[in-house]
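Below is one structure; the comments refer to it alone.
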Amino acid sequence: MTNPLKKIMPNTLEHEGVWVGEYQYIDLAGNITDRHKSRVECVFPDDGDVVYIQRNHFTWDDGREHKVEFSGILRDDRIWWDTETFSGWGWQASPRLFLLELDRKDLPGASFLEAIVMGDDQQQRVRTWHWFKDAECFQRTLCNEARL
């Protein structure tokens, strides 16, 4: 069996592999409220109902660490997630652009829209999250990543 994303969103599979970078959370005044390093592994299994697996490992300069793994299924030609902390979907908007619309379960009333933009050489990508709570933007997340 082959991963159905190869037919529905072929450019999405270009994200497969390990990406390292840094996340910066920025409030509306432009202040960085959090910064941490990231290692993100993207996997696209060929068998089973799961079409996407992501493994995140975040580290902070003060020694904190956070590891999480989540998977997505294909429904209505989109990747759908339903995890402990968020639910929602993502889709390939253009060959270099993947968009996500996610509701936060761990922050009632909050959601975010994410854009992942692949660089021309497929060795760099950037991510932006626009966070909303009760219909108002309250922060953004910026991330630069490089393929390992």
Take the conditions polar (S, T, N, Q) and either touching a Cys at 6+ places or on another chain (Cβ under 7 Å) or outside any strand (DSSP E or B) (or both) and apply them to residue 56. Does it pass? no
Given the condition of a type in the set (Gly, Ala, Ser), surrounded by fewer than 16 Cβ atoms within 10 Å (Cβ to Cβ) and free of Cβ contacts under 8 Å to residues at least 40 places away in the same chain, answer yes or no: does some residue in region 138-147 qualify? no
Among the residues of region 60-70, are any within 14 Å of the chain's Cα centre (by Cα), surrounded by 13 or more Cβ atoms within 10 Å (Cβ to Cβ) and either in a strand (DSSP E or B) or among the basic types (Lys, Arg) (or both)? yes
Do we have any residue at all in region 63-71 that's of a type in the set (Gly, Ala, Ser) and closer than 20 Å to residue 88 by Cα? yes
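Each row is one residue, and each column tells you yes or no for (1) more than 17 Å from residue 116 (Cα to Cα); (2) modelled with pLDDT under 95; (3) acidic (Asp, Glu).
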site	(1), (2), (3)
1	yes, yes, no
8	yes, no, no
55	no, no, no
59	yes, no, no
67	yes, no, no
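Let's see how each residue does on (1) surrounded by 16 or more Cβ atoms within 10 Å (Cβ to Cβ); (2) in contact with a Leu (Cβ under 9 Å, 6 or more places away or on another chain); (3) not in a loop (DSSP other than H, G, I, E, B):
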position: 39; (1), (2), (3): yes, yes, yes
position: 51; (1), (2), (3): yes, yes, yes
position: 79; (1), (2), (3): yes, yes, yes
position: 84; (1), (2), (3): no, no, no
position: 93; (1), (2), (3): no, yes, yes
position: 128; (1), (2), (3): no, yes, yes
Scan (1) assigned to a loop (DSSP other than H, G, I, E, B); (2) free of Cβ contacts under 8 Å to residues at least 40 places away in the same chain; (3) not β-branched (Val, Ile, Thr) for the single condition residue 1 breaks and write down its number. (2)
Of all residues in region 104-126, how many are surrounded by 16 or more Cβ atoms within 10 Å (Cβ to Cβ) and either without any contact (Cβ under 8 Å) to a residue 40 or more places away in the chain or not in a strand (DSSP E or B) (or both)? 5
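The values are calculated or read from the model by the stated rules, or taken from the named source; none is laboratory data. If you're wondering where the values come from, they're calculated on a predicted model, not measured in any experiment. In this analysis, Cβ positions are derived from the backbone assuming ideal geometry, glycine residues included, and neighbour counts consider all displayed protein chains.
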